[in-house]
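The values are calculated or read from the model by the stated rules, or taken from the named source; none is laboratory data. The structure displayed is predicted, hence computed values, not measured ones. Using ideal geometry, Cβ is built from the backbone for each residue, glycine included, and neighbour counts are taken over all protein chains shown. Just the protein is used for accessible areas: all its heavy atoms, side chains included, with ligands, DNA and RNA removed. Shrake-Rupley method; radii C 1.70, N 1.55, O 1.52, S 1.80 Å.
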Amino acid sequence: RKPKHAEAGIADFDNAKIEAAFLTAAAAYQPQPWNGAVTLFRPPLDRRWQVSGGTWVSTEREYVFDDNDWRKHASALQVCEVPGGHHSMVLVPNVAVLAEALKEALDQAERHPARPQAAPAIQAAE
């Protein structure tokens, strides 16, 4: 007999509970500066309207950042665009491209290991 957790299927997931837990965790998360290497895998950007200063806004009326606004926390951020959308980039057939890009990033990290360290705390302007 299989363990109970092995019998659980996709229908057993409670998406509302998962979303609520994610939103709670995201609200509490405080990113810290990081000087080490970081690779962001993201789908193509949704650039719907260009507004002042060359900034773009998405169909969802959110500002669009090439780095998803992470470079302010991780100065050595590398961005890797993969096909699909927020959810479909991890599904067939797009996941094959993501897996290859991830393999290349891991191979690169193994060839050139670094000792990442947390960046010094940023002082607030008085």
Surrounding charge for L40, neighbours by C-beta under 10 angstrom, Lys/Arg +1, Asp/Glu -1, total -1
Of R48, R42, ordered by accessible area with the largest first and a 1.4 Å probe, the sequence is R48, R42
Listed by chain and number, the residues whose amide H is under 5 Å from that of G36, excluding neighbours fewer than 5 places away on the same chain and using placed H, are Q117
So F22 and V97, fully extended at 0.36 nm per residue minus their Cα-Cα distance, gain in nm 24.4 nm
Amide H contacts under 5 Å for F41, restricted to residues at least 5 apart in sequence or on another chain and with H modeled in the peptide plane, are C80
Given the candidates V92, C80, L106, the one whose Cα lies deepest towards the positive end of the charge dipole of segment 32-109, counting +1 at each Lys or Arg C-beta and -1 at each Asp or Glu C-beta, is C80
Hits in segment 67-89: amide N under 13 Å from the 7 Å Cα→Cβ extension of L45, namely 67-71, 79-81
Those GluC sites (Glu not before Pro) from segment 19-112 that are DSSP loop and have at most 10 other Cβ neighbours within 10 Å turn out to be E60
Distance in nm between E60 and Q78 label points, each 7 Å along Cα→Cβ, equals 2.7 nm
